[in-house]
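Beneath this line is the structure, given in C-alpha cells, with notes to follow.
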Amino acid sequence: MPSGQPGPPPGSPPGPRAPDPGATRPIAARDAVTVPARALPVEERPHTGRPPARVEEATTRLGALPGADAATVRAAPLASWTVGDSRDETVLLPRPPLEQDAPAVPAPRAPSDDRDDSSLVKASGGMAVATLVSRLTGFLRTLALAATIGLELVGSAFQIANTLPNIIFELLLGGVLTSVVIPVLVRAAKEDGDDGDAFAQKLLSGAAVSLLVATAIATIAAPLLVLPYIENEAYRPLATDFAYLLLPQIFFYGMGALFGAILNARAVFGPAAWAPVLNNVVVLAALTVYWFLPSPPDGGISTTQLLVVGLGSTLGIVLQAVVMLPAMRRTGFRWRWRFGWDPRLTAFGGLAAWVIGYVVISQIGLTAILRVAFSADPGGPSVYSNAWLLIQVPYGVLGVSLLTALMPRMSAAAANGRLDQVVADLSLGSRLSTVTLLPVSAILTVFGSQLGVAMFSLGRSGGASAATLGMTLSASAFGLLPMAVTMLQLRVFYAMADARTPTLIMVVMTVVKVPLAYLCPVLLSPDQVVLGLAAVNAFGFVVGMVVGDVWLRIRLGRLDTRRVLRTMLLTGLASVMAVLVAVLLVTLLERVVPGGSAVGRAWLTVGVGGIVSLLVLVVAMRLLRVPELDPVVSRLRRLVGR
C-alpha cells in the first residue's frame, strides 16, 4: 500500500523557500498506483531565483492587505493559497480570488492542517451561481426540446444521436479528463519558470490535432456508431441523420474541456462555468425558429426542421468552447501552436489512456441500456435520457461545483504527500454532498411522478409520456447521492495521479449493470422497462460507491467513515420527517381543493410538497444538530444576497 511522507508538523513556522524534490514531478503511468509523488527523484532544473511574475504581483498585493505580514508572505513556500484576511477572496489552491477582476493568483502560504473548510464552501458557492444559471437554462432547453420534438420516435432518435458526442461531454463535465489534466498543469506551473505556458501550449496543440482526426473519423462512421443502439432497422436512418449533424461537437467538447482545465489551473472559474449558458440560449433560439417552420402531416420531422435542431445544437457547443478563448488571454496565456515532446506529456498520455478506457467501458453500459429501452418502446430512450438529465440538475448545481473546488486542493495535498489532507477533503466532500443531495433524493422519490407531469405535459410531449418520465425519475432518485460520492471518490484517485483505479471501478459497475439491464424486459412489462433501466443505472452507482470506499481504504488506510455515516443517518432521518409532513399536508390539501386538471394538480403537489419539505428539513436538521448544515446555509444566504 502506497504511503506519502508527512508534511511539516502543524504549527511549524514558515521557513525560507527550498526546492522540494519529487513534489512537482508528474507520476508515470506505470508508477501511478504504487509510488507516491514525493518518493520520486527529480531532475535538476535551472532556477532563475525569482518567482513567476504572477506570483510576484500576487505577493505584492497580499502584503498590502490589512493584517498581512510582508516578510512572512514572501517566505511562504508554494502549497496552498489564500488572500490574507479578505473575506471575499479566500480561495483554494491554486485558485485566485473568485471575483474575476484580478489577473494575478494569490500569494502562497505554508501548508498546515488548519485549513478553513468554509473557504471550500465559498469557492464552490461562487461557481454554484453560474452553474445554477447554466442548469436552469439547460433545464428550460430540455423542456423546450421535449415540447418541440416530443418523447416518442423523433425524440429518441435525437437522444441516441446526441449520446455519441454527449457521452464525452458528460465525462468531461464530471471532471474525468479535466481531473487528469489539472494535476499535470499544476505541477508544470510549479516546476517551470513560465507558469507552465509552454507545456499547456504543447498539450493544446497535440489535443487539437488528435480531436480533429477523431471527430472526422466518428462523423464518417456515423451509421456504424448508431447501429449498436437501435435494433429495428426502420428507426436507424433518422438517428443517423441527426448523428451527422451532432458528431462534430466532439472536437469542441474536448477543446472546451481543455480550455476550462487551463483556466481552472490558473485560478479562473467564471468563463468555464458561464459558457454553457450561451450554449443553452443558442439552442433555445434554434427551437424557437423550429416552431415557425411547417411540419409534415404525419407528425414526423421535415428536413428543414432536422437541420435547424441539429445545426443549432452544434453551434451552441462551438460557441461554448470559443467563448473561453478571450478569458485565457486575459490571464496572460497565449495559445500558440507548439509541437514537440515534453516528458510530462508521457505521464499525461498514460493517464489519458486509462480515461479512454473509462469512456469505452461506460459507453458499453449506456449502449446496453438504450438498446433495451428502444427495443421495449420507441420512446424509451427519450424518456430515460430526459429523466437522467433531470437527476443531474441538482448534482450539476451542487455536486459538480463542489468537486471542481476540491480537485486542486486534493491534487496539491497528494503532490505534497499529505494523504491525511486528502482523506479530510474526501470526508468533507462526502458530508457536504450528503447534506445537499440526500434531501433532494427523498423529495424526488416521493414527488418525482408529479414533477414529470407538471414539467413535460407540454407541446408534443403528451401526458402519458410525461407521467412515465416522472415515474422513471422517482425510480432512479435513490442513486443521486451515490453518484455524487462515487464521482468524488474517483477524483481522489485522479488527484493521486491514478487513472487506472477509476477505470477498474467502472468495469465493476458495468459488469453489474449490463446483465440487470437485459433482465428488465424479462421481468417487467414493456411500459415498465424504462423504470427498471433507470433503477439499474442508479444501483450501479451504489455499487461504485461501495467498491470505491473499499479501494480507498486499501490505498489511504483508515477513512473518516464514522463521521460520514453519522451525517448520512441524521440527514436521512431529517429527510424522511420532512417528506412525511409534506405528503400529509398535500393529501389534506387535495381533499380540500378537489378537481382541476392533472397538470394543475401536479403543479400544486410539487409546489406545496417541495416548499414544505425544505422548510421542515431545515428545522429537523437544526434540531438534530447536523454541523454541515451551517456552512451550506450561510453560503446560500450570501448567494441570495447577490
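Points to keep in mind about this one:
- Candidate set from segment 456-473 (those that are touching a helix residue (DSSP H, G or I) at 6+ places or on another chain (Cβ under 6 Å) and open to solvent by 20 Å² or more (accessible area, probe 1.4 Å)); member that is nearest to ALA578 (Cα to Cα): MET471
- Flag if ALA272 is buried (at least 21 other Cβ atoms within 10 Å of the Cβ), part of a loop (DSSP other than H, G, I, E, B) and aliphatic (A, V, I, L, M): no
- The listed residues are ASN279, ASN264, and the only one of them that is farther than 17 Å from TRP335 by Cα, open to solvent by less than 40 Å² (accessible area, probe 1.4 Å) and either touching an Asp or Glu at 6+ places or on another chain (Cβ under 9 Å) or touching a residue at least 12 places away in the same chain (Cβ under 8 Å) (or both) turns out to be ASN279.
- Matching residues in segment 226-249 - criterion: being closer than 16 Å to GLN320 by Cβ and either of a type in the set (Gly, Ala, Ser) or open to solvent by 20 Å² or more (accessible area, probe 1.4 Å) (or both): PRO248
- Residues satisfying the stated conditions in segment 282-307, i.e. open to solvent by 30 Å² or more (accessible area, probe 1.4 Å), under 30 Å from the mean Cα position of the chain (by Cα) and hydrophobic (A, V, I, L, M, F, W, C): LEU284, ALA285, LEU307
- SER441 vs. criteria over 17 Å from THR561 (Cβ atoms) and of a type in the set (S, T, N, Q): yes
- Any hit, segment 295-312, residues being of a type in the set (Gly, Ala, Ser) and outside any loop (DSSP other than H, G, I, E, B): yes
- Of the residues in segment 388-397, not one is farther than 30 Å from PRO183 by Cα, without any contact (Cβ under 8 Å) to a residue 24 or more places away in the chain and either part of a loop (DSSP other than H, G, I, E, B) or out of contact with any Asp or Glu (no Cβ under 7 Å at 6 or more places or on another chain) (or both).
The values are calculated or read from the model by the stated rules, or taken from the named source; none is laboratory data. On a predicted model such as this, the values are computed, not experimentally measured, just so you know. Positions of Cβ are backbone-derived with ideal geometry, glycine not excepted, and every protein chain shown enters the neighbour counts. Side chains are part of the model used for accessible areas, which takes the heavy atoms of the whole protein and leaves out ligands, DNA and RNA. Shrake-Rupley method; radii C 1.70, N 1.55, O 1.52, S 1.80 Å.
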